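Peer 1: Just dropping this structure here.
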Amino acid sequence: MVFSISSPSKRQALFICTLILLWYSSNIGVLLLNKFLLSNYGFAFPVFLTMCHMAACAVLSYVSIVFLKVVPFQRIKSRSQFLRISTLSVVFCGSVVGGNISLRFLPVSFNQAVGATTPFFTALFAFLMTRKREAWVTYAALVPVVGGVVIASGGEPSFHWYGFIMCVSATAARAFKSVLQGVLLSSEGEKLNSMNLLLYMSPIAVLVLLPATLVLEPNVIDVTLTLATKHRYLWLLLLVNSSMAYGANLLNFLVTKNTSALTLQVLGNAKGAVAVVISILLFRNPVTFIGIAGYTMTVMGVVGYGEAKRRYK
């Protein structure tokens, strides 16, 4: 009798551990592969790369939801809802493109340090857009979040102003999108789960990014074909990279669904640290004690912010 009870719980624990491992692998994998393609491989087309990601998300989302029934299909109920989703899609595009552009100029370790300041921008936009106030302890926890990035910036040997500005912009856009989503899709009838939202946002993003690619990266096809003759695995790398971008979104949804919010927060903080360590080992980018201390301060601030929000709701 004990065996029959413990066996399903063991299977559930194994399933969750496997999900987390795949989630880590897909998130860190797509980040490192983006860096490899954009900086080390000579594929300097972040807008086109983002469009490839969105195209893969559009196709794979449709297959997963309509055919595989991973989640129930949710229909758009009004023109107003469609326009709101389109607005979110444009902001989403900006955050992803900005992040990819920053990877051309910044090491992954510093990119992750700046990205860890998302809670600061989320709290800022939540106050500006919804007048939502947090306890003073919660705001105090954001001081080391920002201070850590300032310290890390001063100690970053590969610091690049344009890359830094794009990374901060991408982080702010990501936070803005999360707050905007809560505002625009606040009614119960218009709320979509993250997978259905991705299903609708992805094709809109492709339509936005296609003209942007033609204007900002007009030689992308010629250069890509030339690179493909030199590197025969280029198309495979692009396909794997784009599929992993969708996989990261799907696994994020599944991990969120099967774990608690606190577990997800802890795992997310640890994921950034793991990505930093792996990127330093792979790309051999120089790091300094000041840079490490700044990043550590930021991560500790994020942990403190999450704990303060939980306690002072």
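The values are calculated or read from the model by the stated rules, or taken from the named source; none is laboratory data. Because the structure is predicted, anything quoted here is derived from the model rather than measured. Virtual Cβ from ideal backbone geometry, glycine too; neighbours counted across all protein chains shown. Heavy atoms of the whole protein, side chains included, go into the accessibility calculation; ligands, DNA and RNA do not. Shrake-Rupley method; radii C 1.70, N 1.55, O 1.52, S 1.80 Å.
Peer 1: Go over the candidates 90, 71, 146, 66 one by one and state the one that is open to solvent by 30 Å² or more (accessible area, probe 1.4 Å), more than 30 Å from residue 312 (Cα to Cα) and touching a helix residue (DSSP H, G or I) at 6+ places or on another chain (Cβ under 7 Å). Talk me through it step by step, then tell me what you get.
Peer 2: Details: 71 fails: open to solvent by 30 Å² or more (accessible area, probe 1.4 Å); 146 fails: more than 30 Å from residue 312 (Cα to Cα); 66 fails: touching a helix residue (DSSP H, G or I) at 6+ places or on another chain (Cβ under 7 Å).
Testing whether each residue is open to solvent by 30 Å² or more (accessible area, probe 1.4 Å), more than 30 Å from residue 312 (Cα to Cα) and touching a helix residue (DSSP H, G or I) at 6+ places or on another chain (Cβ under 7 Å) leaves just 90.
Peer 1: State yes or no: is residue 219 in contact with a helix residue (DSSP H, G or I) (Cβ under 9 Å, 6 or more places away or on another chain), polar (S, T, N, Q) and either within 22 Å of residue 36 (Cα to Cα) or at pLDDT 90 or above (or both)? Spell out the reasoning first.
Peer 2: Numbers: in contact with a helix residue (DSSP H, G or I) (Cβ under 9 Å, 6 or more places away or on another chain): no; polar (S, T, N, Q): yes; either within 22 Å of residue 36 (Cα to Cα) or at pLDDT 90 or above (or both): yes.
In short, no.
Peer 1: Tell me yes or no: at least one residue of segment 26-44 is basic (Lys, Arg) and open to solvent by less than 70 Å² (accessible area, probe 1.4 Å).
Peer 2: Let us first name the residues in segment 26-44 that are basic (Lys, Arg), namely 35.
Filter once more, keeping what is open to solvent by less than 70 Å² (accessible area, probe 1.4 Å): 35.
Checking segment 26-44: at least one residue is basic (Lys, Arg) and open to solvent by less than 70 Å² (accessible area, probe 1.4 Å).
Peer 1: Sticking with this one: So if I check each of 97, 59, 47, which one is open to solvent by 30 Å² or more (accessible area, probe 1.4 Å), modelled with pLDDT of 95 or more and part of a helix (DSSP H, G or I)?
Peer 2: From the options 97, 59, 47, the qualifying one is 59.
Peer 1: Count, please, the residues in segment 182-206 that happen to be farther than 14 Å from residue 65 by Cα and open to solvent by 50 Å² or more (accessible area, probe 1.4 Å).
Peer 2: 6
Peer 1: Take the residues in segment 232-273 that are of a type in the set (Ser, Thr, Tyr) and in contact (Cβ under 8 Å) with a residue 24 or more places away in the chain, then tell me which one is farthest from residue 56 (Cα to Cα).
Peer 2: Residues of segment 232-273 that are of a type in the set (Ser, Thr, Tyr), as a first pass: 233, 242-243, 246, 256, 259-260, 263.
Imposing the further condition that a residue be in contact (Cβ under 8 Å) with a residue 24 or more places away in the chain reduces the set to 242-243, 246, 256, 259.
Values: 242: 6, 243: 6, 246: 7, 256: 22, 259: 27 Å.
The selected residue is 259.
Peer 1: For the list (1) under 21 Å from the mean Cα position of the chain (by Cα); (2) touching a residue at least 12 places away in the same chain (Cβ under 8 Å), I need the number of the one condition that residue 73 fails.
Peer 2: It fails just one condition, (1).
Peer 1: Applying the selection to segment 102-129, what residues are farther than 15 Å from residue 287 by Cα, among the hydroxyl-bearing types (Ser, Thr, Tyr) and either open to solvent by 40 Å² or more (accessible area, probe 1.4 Å) or part of a helix (DSSP H, G or I) (or both)?
Peer 2: 102, 118, 122, listed by residue number.
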